[in-house]
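Written out below as structure tokens is the structure these notes cover.
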Amino acid sequence: MSEPNERQYWLWVTRSEYYWDEDGNDREDLDPNSGVDSGGWWTCHKDTKRGDLVLMWRTKPKSDIGYLM
């Protein structure tokens, strides 16, 4: 188990239902430069905390690391 202030590293896996909008484009609110409020923070694990680094692997059809959070 990590110390309370120790950074953790995560690999989250998500399907296209999350990273695409209704038109099949990357969701604008996932782009940190968009200025759009995503409506809240989501995590894939209850132990994720501020300061952790997350790689988000997008499954088919993208099959890539789409975001670093």
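Throughout, read-outs are computed from the coordinates displayed, never taken from laboratory work. Keep in mind it's a predicted model, so treat the numbers as computed, not measured. Reconstructed Cβ throughout: ideal geometry from the backbone, glycine too, with neighbour counts over all protein chains shown.
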(message) Using Cβ counts within 10 Å as a stand-in for footprinting exposure, how do 50, 15, 58, 27 rank, fewest first?
(response) 50, 15, 27, 58
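Which whole-number percentage describes the relative contact order of the stretch 9-68, with Cα contacts under 8 Å and a sequence gap of 6 or more? Could the numbers behind the result be given before it?
On the way: 65 pairs, mean separation 26.5, N = 60.
Averaging sequence separation for qualifying contacts and normalising by length gives 44 percent for the stretch 9-68.
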(request) Would you mind estimating how fast the stretch 9-68 diffuses translationally, via Stokes-Einstein at 25 °C and 0.890 mPa s with the Kirkwood radius over Cα pairs, in µm²/s? (result) 198
